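To keep things clear, I will list the structure first and then write my remarks on it.
Read-outs throughout are calculated quantities, based only on the coordinates presented, and are distinct from any laboratory measurement. Please read these numbers as outputs of a predicted model, since none were measured by experiment. FYI the Cβ positions are ideal-geometry reconstructions off the backbone, even for glycines, and counts take in every protein chain you see.
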2 protein chains.
Amino acid sequence: MLYMIGLGLGDAKDITVKGLEVVRRCSRVYLEAYTSVLTVGKEVLSYYIQGQDLGLSSTSQEEFYGRKLILADREEVEQEANNILKDADISDVAFLVVGDPFGATTHSDLILRATKLGIPYRVIHNASIMNAVGCCGLQLYRFGETVSVVFWTDTWRPESFFDKVKTNRQNGMHTLCLLDIKVKEQSLENLIKGRKIYEPPRYMSVNQAAQQLLEIVQNQRIRGEEPAVTEETLCVGLARVGAEDQKIAAGTLQQMCTVDLGGPLHSLIITGGSLHPLEMEMLSLFSVPENSSESQSTDGL
Amino acid sequence: MLYMIGLGLGDAKDITVKGLEVVRRCSRVYLEAYTSVLTVGKEVLSYYIQGQDLGLSSTSQEEFYGRKLILADREEVEQEANNILKDADISDVAFLVVGDPFGATTHSDLILRATKLGIPYRVIHNASIMNAVGCCGLQLYRFGETVSVVFWTDTWRPESFFDKVKTNRQNGMHTLCLLDIKVKEQSLENLIKGRKIYEPPRYMSVNQAAQQLLEIVQNQRIRGEEPAVTEETLCVGLARVGAEDQKIAAGTLQQMCTVDLGGPLHSLIITGGSLHPLEMEMLSLFSVPENSSESQSTDGL
């Protein structure tokens with residue numbers, strides 16, 4: 001059996017009791033190390049491998065920590081899917097995913113391969129950013145299509161995702177913006193020379209995302225288009241959702257450029273316009289103080 | 001501290017390790033008994049109260065099952081919120097919610113009351129139908145606004161939610177339809193006589209939802225409108241998502257009228273039109289066999 005197991009968002013203890021039991025009895029346990037990971041992943045590793053106390057009986061701990069975690073990055077999952085699935089028809093293999101196995105990135109491919117090989121699979125769900133964003137008080141069923149905001153380079157500055165934000169807002173839907181993560185990136189030089197030396201990981205902050213969004217707004221104004229979003233659009237910045245030190249800030253897009261949310265991972269919500277009174281009241285718990293924004297909107301919107 | 005703890009979707013073991021630890025140390029533990037519950041809720045109760053083995057050490061079990069679960073239905077949560085929050089500033093109180101605390105129904109109100117009383121709160125997230133629907137292979141970020149399909153009566157047959165389905169489809173987004181649940185309903189007679197006798201709970205099936213949807217489609221045709229959905233629109237029916245006996249069926253809306261998905265809870269997805277090849281491939285794992293639909297589309301669409 002192939003088990004796809006969600007780890008949730010906070011730390012190692014966000015695995016479900018069922019998920020933990022399955023991990024304990026699997027012959028091989030892989031940890032997906034590419035879609036979000038790291039803040040959570042390292043934590044998980046330290047708990048799992050260094051044997052930190054999970055609050056279970058010592059027998060359970062011994063049983064549990066006997067499992068070695070095999071890190072699998074995107075390359076490995078794509079190239080070595082057959083190794084991951086080896087003997088999964090006669091033994092149990094676990095594939096651990098931060099969040100939910102069907103979160104922002106689907107793991108459909110591994111499931112399809114398993115099915116073709118006649119290997120049964122089971123999914124053990126968990127929270128992912130896709131439903132945990134509800135913690136800010138915006139109603140989940142009022143979210144429209146989710147967009148990804150990628151790091152711009154000097155030569156690649158995509159704006160097309162903004163159409164989806166526009167469609168969502170025109171229909172009163174909130175937009176969850178998933179912010180870019182760059183892990184295991186090679187510099188052009190190292191890539192050309194075939195050196196497997198990787199740059200330090202980068203995680204887009206709410207500040208960076210808001211600045212890119214405002215640049216798109218400016219570009220649209222220059223082109224004479226009516227932007228669907230302005231400096232004054234109400235947004236919500238979220239950091240480390242589900243973790244002890246989670247931080248939420250509600251304010252204008254302009255304020256999102258300077259609000260301090262601390263370390264990764266960050267997400268940004270662009271609200272859909274008119275809010276339900278209960279949504280407003282919840283957001284008011286997280287309001288950015290007026291003076292915390294250094295820059296001010298200058299176009300009087 | 002007020003802890004809002006998600007229980008996930010399957011059974012008692014879908015609580016997270018962190019959630020379980022918190023429940024063990026809380027002075028009072030409430031179980032929300034109104035938004036979805038029952039299939040899961042009863043299970044949870046049987047585990048928690050009858051002391052079924054959770055796979056933890058016996059000491060942990062004793063500690064854990066020492067907590068009595070207090071069932072809280074919607075009335076009680078609204079009317080007795082102050083009782084629930086009593087002393088939560090000096091002791092720990094847990095409020096357990098099937099799925100995620102910010103799933104389909106938000107529990108913002110309890111959080112706002114706590115905040116007003118100066119009681120800190122923490123949320124322990126879990127899977128909810130809002131992210132677990134990804135298990136069918138449709139990409140979560142391509143979902144638009146979520147709609148609720150309610151049981152029609154002779155005199156109340158709302159169609160307005162269908163506009164949201166239309167907007168979603170026009171923009172290529174999938175629509176998750178949450179299907180009605182009627183628990184703790186009184187007959188008109190019992191209501192008038194003030195007798196607290198409740199009707200048996202009712203859960204809308206995918207069949208019933210599909211039939212109501214087709215009726216709306218017919219009504220729109222009669223009014224000369226172009227329906228956004230037809231008998232042939234690709235849909236996905238899901239039952240008991242996250243449970244061992246979960247069932248998924250992909251087929252036309254017409255097929256959804258007769259497909260057998262077993263007991264509750266059910267959900268229905270109306271796809272957003274063009275699908276990604278990976279979505280198509282995943283859905284093909286769950287195709288309704290051609291001959292399983294007794295009725296056939298008659299309008300040649």
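Quick check on packing: order B:95-101, B:195-201, B:120-126 by the mean number of other C-beta atoms within 10 Å, highest mean leading. Numbers along the way, then the final one.
Details: B:95-101: 28.9, B:195-201: 10.7, B:120-126: 23.0.
For the peptides B:95-101, B:195-201, B:120-126, the packing ranking is B:95-101, B:120-126, B:195-201.
Inter-copy label distances at residue B:198, 7 Å along the Cα→beta-carbon direction, one decimal in nm, shortest first?
Spacings between copies for this position, smallest first, are 5.2 nm.
Hey, got the average number of other protein chain Cβ atoms within 10 angstrom for residues in B:119-127?
Working: counts 0, 0, 0, 2, 7, 6, 15, 10, 16.
Other-chain Cβ atoms within 10 Å of each residue's Cβ, averaged: 6.
Counting other beta carbons within 10 Å of each Cβ, put B:21, A:290 in order, fewest first. Working shown, then result.
Working: B:21 18, A:290 8.
Final ranking by Cβ density, sparse to dense: A:290, B:21.
For a Förster distance of 41 Å, can you work out the FRET efficiency between the beta-carbons of residue B:211 and residue A:27, rounded to the nearest 0.05? Don't jump to the answer; show the numbers that get you there.
Numbers: r = 47 Å, r/R0 = 1.14.
Efficiency computed from Cβ-Cβ geometry: 0.30.
Per-residue HN-Hα couplings for the range A:74-86, Karplus 6.51 cos²θ - 1.76 cosθ + 1.60 at θ = phi - 60°, whole Hz, x for Gly and Pro?
Couplings: 4, 3, 5, 5, 6, 7, 10, 4, 5, 5, 4, 8, 4 Hz.
Using only C-alpha positions, report the orientation-averaged shadow area of the convex hull of the range B:133-179, nm², one decimal.
Values: hull surface 14.0 nm².
That works out to 3.5 nm².
What does the structure give for B:7-16 when I average, per residue, the other chain Cβ atoms found within 10 Å of the residue Cβ?
Details: counts 1, 10, 1, 4, 2, 2, 8, 7, 3, 14.
Taking the mean over all residues of the peptide, I get 5.
Under the Karplus relation 6.51 cos²θ - 1.76 cosθ + 1.60, θ = phi - 60°, what is the ordered set of whole-Hz ³J(HN,Hα) values for the range A:107-114, x standing for Gly and Pro?
Once θ is set to phi - 60°, the couplings for the range A:107-114 become 10, 4, 4, 5, 5, 5, 4, 4 Hz.
Which whole number gives the average, over all residues in B:240-248, of C-beta atoms from other chains lying within 10 Å of the residue C-beta? If you can, show how the numbers build up before the last one.
Details: counts 0, 2, 5, 0, 1, 0, 2, 0, 0.
Counting Cβ atoms of other protein chains within 10 Å of each residue's Cβ and averaging gives 1.
Could you please state, rounded to a whole Å, how far the C-alpha centre of the range A:181-254 is from the C-alpha centre of the range A:85-105?
A separation of 30 Å, based on Cα centres.
Could you work out how far apart the two model spin labels at residue B:284 and residue B:151 are, taking each label as a point 7 Å from the Cα in the direction of the beta carbon, and quote it in nm?
It works out to 4.0 nm between the two label points.
Quick check: convex hull of the Cα atoms in the range B:87-189, volume per residue, rounded to a whole Å³? If you can, show how the numbers build up before the last one.
On the way: hull volume 17.9 nm³, N = 103.
It comes to 173 Å³ per residue, whole-number rounded.
Efficiency by 1/(1 + (r/R0)^6): what FRET value for residue B:109 and residue B:196, r their Cβ-Cβ distance, R0 = 25 Å, to the nearest 0.05?
Numbers: r = 24 Å, r/R0 = 0.95.
The pair residue B:109/residue B:196 has a calculated efficiency of 0.60.
Quote the FRET efficiency, to the nearest 0.05, computed for residue A:274 versus residue A:221 with a Förster distance R0 of 22 Å and r equal to the Cβ-Cβ distance. Intermediate values should be presented prior to the final figure.
Details: r = 24 Å, r/R0 = 1.07.
With R0 = 22 Å, the Cβ-Cβ based efficiency is 0.40.
Name the residues whose placed amide hydrogens come within less than 5 Å of the amide hydrogen of residue A:143, ignoring near sequence neighbours (fewer than 5 apart) on the same chain.
Amide H neighbours of residue A:143, under 5 Å, 5+ apart: A:174, B:146.
Distances from residue A:230 to the same position in the other copies: list them in nm, one decimal, shortest first, using label points 7 Å from Cα along Cα→Cβ.
Computed spacing set for this position: 4.3 nm.
Using per-residue counts of other Cβ atoms within 10 Å, averaged over each peptide, order B:277-283, B:264-270 from highest down. Can you show the working numbers first?
Numbers: B:277-283: 17.4, B:264-270: 23.9.
Highest-to-lowest ranking by the protection proxy: B:264-270, B:277-283.
Kindly give the distances from residue B:25 to its copy-mates, label point to label point, with each label point 7 Å from Cα along Cα→Cβ, as nm values to one decimal ordered shortest first.
When each copy's label point is compared with this one, the spacings are 3.0 nm.
Rank the residues A:93, B:165 as a footprinting-exposure proxy: fewest other Cβ atoms within 10 Å of their Cβ go first.
Values: A:93 22, B:165 25.
By the 10 Å Cβ count, ascending: A:93, B:165.
Local charge sum around residue A:109 (other residues, Cβ-Cβ under 10 Å, Lys/Arg +1, Asp/Glu -1)? Show your work: numbers first, answer last.
Values: positive: A:113; negative: A:78, B:281.
Around residue A:109, the surrounding residues sum to -1.
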